[in-house]
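Structure, as C-alpha cells:
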Amino acid sequence: MSLVKSISGIRGTIGGRVGEGLNPVDIVRFTAAYAVQRIAASDLKDGRRPRIVVGRDARISGEMVDLLVTGTLLGMGCDVINIGMASTPTTEVAVTGEQADGGIILTASHNPKQWNALKLLNEKGEFLNDAEGKEVLSIAEKEDFCFAEVEHIGHVTHKDYLPYHVKKVLELKLVNRDAIARRNFTVAIDCVNSVGGLAIPAILEALGVKNIIRLNCEPTGHFAHNPEPLPQHLTEISELLKQGKADVGFVVDPDVDRLAIICENGTMFGEEYTLVSVADYVLCHTPGNTCSNMSSTRALSDVTRLHGGEYSASAVGEVNVVTEMKRVGAVIGGEGNGGVIYPAAHYGRDALVGIALFLSALVERDCTVSELRKTFPNYCISKNRIDLAPSMDVDAILAKVKEHFKDERVNDRDGVKIDFAEGWVHLRKSNTEPIIRVYSEAATMDEANHLAQRVMQLIQ
C-alpha cells in the first residue's frame with residue numbers, strides 16, 4: 001500500500017491502514033485541511049459560504065472518494081458544486097465558471113486503477129502553489145480543523161460542465177471549426193475507459209467531425225490497457241491506423257490532461273511533439289514566448305526561436321510551468337508528456353484544447369499527420385528510471401552526478417540536468433513514485449540511450 005503527500009495533493013493506492021494507503025480516514029483529514037486553507041484564503045462577506053467544485057475521473061474508487069470528499073466539505077460548512085465524472089481541465093474551468101473558491105479533482109492521472117488522488121485547485125482553477133500546498137499539509141498533520149454546526153452545514157449542487165468547457169474551446173480565436181468540419185476527418189480515439197470517453201467525442205462532434213472510431217470509450221474505470229499514453233500501451237489504435245481506417249488517432253489518459261497523437265500510417269507522432277506542433281501553430285498567428293519543463297524536448301526551443309520568440313524552461317510540475325509561463329508572458333506552453341497549456345483558454349493542461357488546435361493546424365497546413373511531423377526538428381527522448389531502495393540517499397546520488405559532470409553545463413534547479421554538446425540528461429526524484437526518473441535526448445534513440453546509460457552506470 002502506498003500513500004504520497006505533496007503540495008499538489010494526496011495520492012495513494014486504495015485501502016490499507018491509516019497512513020499507508022488512500023483510505024476514508026486520510027481522505028476526510030486531507031479534505032478538511034484543504035477546506036480550512038480555502039476558507040482562510042477566500043473573501044467571504046455577508047455570511048457567504050465558501051464554494052468548492054468537485055469532479056472525478058471514472059476510477060472504480062471514484063464514487064467512494066467522491067462521497068467522502070463531498071460530505072467532508074459540507075461538514076466543513078462549504079457549498080459544493082459536484083460536476084460528477086469530468087476531466088481535469090473541465091473541473092478547472094468549472095471553478096472559474098462558478099466563481100468558486102477552489103476545486104478538488106479526484107484522479108490519479110496516468111496511475112493504474114488501484115490508485116486515486118485528490119488534486120487541489122485555487123480560486124483560479126489552478127493548482128495550489130508551494131506555500132498553499134505546504135499549508136494544507138501542515139493543517140492535515142495537526143488536524144487543525146473544526147467542523148460546522150448543524151445550521152451552517154453546506155449544500156451540494158449537481159451540474160454538468162462539459163458543454164460549458166466545449167463551448168469555451170470553440171470560442172478560441174485560433175480554433176477553425178468550419179475548416180475542420182469541411183475536411184471531413186475520420187478520427188480514431190482511445191479513451192482508456194475513463195472520462196475521455198465522454199469528453200473527446202463531445203469536442204470532436206462540436207468541431208464538426210462526423211466519423212469517429214471509438215476504442216475504450218465506456219467510462220467504467222476498468223482500464224483496457226496501462227493508462228499512461230505511451231507507445232508500448234497503444235498497440236490497438238496503432239494497428240487500426242496502420243490499416244488506413246483513420247486520418248489521425250488521439251489517445252488521452254484517464255483525466256484527459258495529456259494528449260498523444262497517432263499518425264495516419266500508425267506511427268507515433270511523439271508525445272513530446274503534441275506541444276511542439278500546437279505551439280508552432282499558435283506562434284504562426286500570435287508570436288511570443290514559450291515555456292516547458294526541463295525534461296521536455298529541445299524542439300520547442302528551436303521552433304520558438306524560428307518564430308522570433310524566447311523559450312524558457314521550468315522545474316518539472318504543472319504549477320512550476322504555469323508560474324514560469326506567467327513570468328515570461330508565454331503565449332503557449334506545457335509539458336512534453338502531451339500536456340498543452342494555452343493561456344487564452346486557461347492555465348491548465350487540456351487535451352480538448354490540444355485536439356482543437358492540432359486539427360486547426362492540420363487543415364491550415366493541408367497535409368497528413370505524418371507530413372506535419374516531418375516539418376519539426378527531430379529529436380529522440382529516452383525515458384528511464386532507477387527504482388529507489390529505502391537505503392538510497394537521493395540527494396547524495398544527485399550530488400555525485402553533479403560533481404562528476406562539473407565540466408559540462410549543469411543545472412540543479414530541479415534534480416540535475418546535464419547539457420552535453422550532443423544532447424542532455426535530466427535526473428530527478430519522482431513526485432509520485434519511489435524512483436529517480438532519467439530522461440535523455442539526442443538526435444537518435446541510440447545516442448539518447450547511450451547518454452542515459454553513461455549517467456546511470458555512474459549511479460549503479
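The values are calculated or read from the model by the stated rules, or taken from the named source; none is laboratory data. None of these values were measured; they are calculated from a predicted model. Neighbour counts run over all protein chains shown; Cβ positions are idealised from the backbone, glycine included.
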Seminar exercise, completed: Within the range 16-34, of all residues that are without any contact (Cβ under 8 Å) to a residue 24 or more places away in the chain and touching a strand residue (DSSP E or B) at 6+ places or on another chain (Cβ under 8 Å), the one surrounded by the most Cβ atoms within 10 Å (Cβ to Cβ) is ASP26
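Conditions tested, residue by residue: (1) under 30 Å from GLU20 (Cβ atoms); (2) modelled with pLDDT of 95 or more; (3) not in a helix (DSSP H, G or I).
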| residue | (1), (2), (3) |
| --- | --- |
| LEU118 | yes, yes, yes |
| LYS124 | no, yes, yes |
| GLY133 | yes, no, no |
| LEU137 | yes, no, no |
| CYS146 | yes, no, yes |
| THR157 | no, yes, yes |
| ALA188 | no, yes, yes |
For this session: For the range 344-460, please list each of the strands (runs of 3 or more DSSP E) lying entirely inside it that holds at least 1 residues being without any contact (Cβ under 8 Å) to a residue 24 or more places away in the chain and out of contact with any Lys or Arg (no Cβ under 6 Å at 6 or more places or on another chain).
Result: 409-411
Seminar exercise, completed: The lone condition GLU143 fails out of (1) over 23 Å from the mean Cα position of the chain (by Cα); (2) surrounded by 16 or more Cβ atoms within 10 Å (Cβ to Cβ); (3) not assigned by TED's automatic domain parsing to the domain that holds PRO254 is (2)
Problem set entry | So GLY423, is it buried (at least 18 other Cβ atoms within 10 Å of the Cβ), closer than 24 Å to GLU324 by Cβ, assigned by TED's automatic domain parsing to the domain that holds VAL195 and not aliphatic (A, V, I, L, M) | no
Exercise. Could you say whether any residue in the range 41-62 is polar (S, T, N, Q) and either modelled with pLDDT under 95 or buried (at least 22 other Cβ atoms within 10 Å of the Cβ) (or both)?
Worked result: yes
Problem set entry | Test set (1) in a helix (DSSP H, G or I); (2) buried (at least 22 other Cβ atoms within 10 Å of the Cβ) - LEU198 fails condition number | (2)
Exercise. Applying the selection to the range 234-258, what residues are closer than 16 Å to CYS217 by Cα and over 25 Å from the mean Cα position of the chain (by Cα)?
Worked result: LEU240
Exercise. Given the conditions (1) out of contact with any Phe, Trp or Tyr (no Cβ under 7 Å at 6 or more places or on another chain); (2) modelled with pLDDT of 95 or more, and given that ASN193 satisfies all but one, which numbered condition is not satisfied?
Worked result: (1)
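Output the residues belonging to the range 70-101 that are among the acidic types (Asp, Glu) and part of a loop (DSSP other than H, G, I, E, B). Even if it seems obvious, please write down each step before you answer.
So the first thing to find is which residues in the range 70-101 are among the acidic types (Asp, Glu), and the list is 79, 92, 98, 101.
GLU98, ASP101, listed by residue number.
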Exercise. Mind checking whether some residue in the range 283-295 is part of a loop (DSSP other than H, G, I, E, B), of a type in the set (Ser, Thr, Tyr), under 22 Å from the mean Cα position of the chain (by Cα) and buried (at least 22 other Cβ atoms within 10 Å of the Cβ)?
Worked result: yes
Seminar exercise, completed: Of the listed residues (ALA131, ALA117, ALA100, ALA86), the one being more than 18 Å from VAL256 (Cβ to Cβ), crowded, with 21+ Cβ neighbours inside 10 Å and not assigned by TED's automatic domain parsing to the domain that holds GLN232 is ALA100
Exercise. Before we move on, is MET268 over 24 Å from ILE105 (Cβ atoms), hydrophobic (A, V, I, L, M, F, W, C), surrounded by fewer than 22 Cβ atoms within 10 Å (Cβ to Cβ) and in contact with a Pro (Cβ under 9 Å, 6 or more places away or on another chain)?
Worked result: yes
For this session: Considering only residues that are over 23 Å from the mean Cα position of the chain (by Cα) and of a type in the set (A, V, I, L, M, F, W, C), look in the range 407-430 and name the one that is nearest to ILE459 (Cα to Cα).
Result: ILE418
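State yes or no: is GLU272 in a helix (DSSP H, G or I), farther than 18 Å from ALA202 by Cα and charged (D, E, K, R)? Don't jump to the end; show me each part of the working.
On the way: in a helix (DSSP H, G or I): yes; farther than 18 Å from ALA202 by Cα: yes; charged (D, E, K, R): yes.
For GLU272, the condition - in a helix (DSSP H, G or I), farther than 18 Å from ALA202 by Cα and charged (D, E, K, R) - is met.
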Seminar exercise, completed: Among the residues of the range 263-282, the number that are closer than 25 Å to ASN226 by Cα, in contact (Cβ under 8 Å) with a residue 40 or more places away in the chain and over 19 Å from the mean Cα position of the chain (by Cα) is 4
Exercise. Do you know which residues across the range 431-460 are under 26 Å from the mean Cα position of the chain (by Cα), surrounded by 15 or more Cβ atoms within 10 Å (Cβ to Cβ) and either in the same structural domain as ASN337 (by TED's automatic domain parsing) or closer than 13 Å to SER382 by Cα (or both)?
Worked result: ARG437, VAL438, TYR439, SER440, GLU441, ALA442, ALA448, ASN449, ALA452
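Can you tell me which residue within the range 63-85, out of those that are closer than 23 Å to ALA41 by Cβ and among the aliphatic types (A, V, I, L, M), is nearest to the chain's Cα centre (by Cα)?
Here is the first cut: in the range 63-85, the residues closer than 23 Å to ALA41 by Cβ are 68-83.
Filter again for among the aliphatic types (A, V, I, L, M), leaving 68-69, 73-74, 76, 80-81, 83.
Details: LEU68: 24, VAL69: 22, LEU73: 25, LEU74: 28, MET76: 29, VAL80: 24, ILE81: 22, ILE83: 19 Å.
Taking the candidates together, the pick is ILE83.
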For this session: Please go through the range 305-343 and pick out each residue that is modelled with pLDDT of 95 or more, hydrophobic (A, V, I, L, M, F, W, C), over 14 Å from the mean Cα position of the chain (by Cα) and not in a helix (DSSP H, G or I).
Result: ALA330, VAL331, ILE332
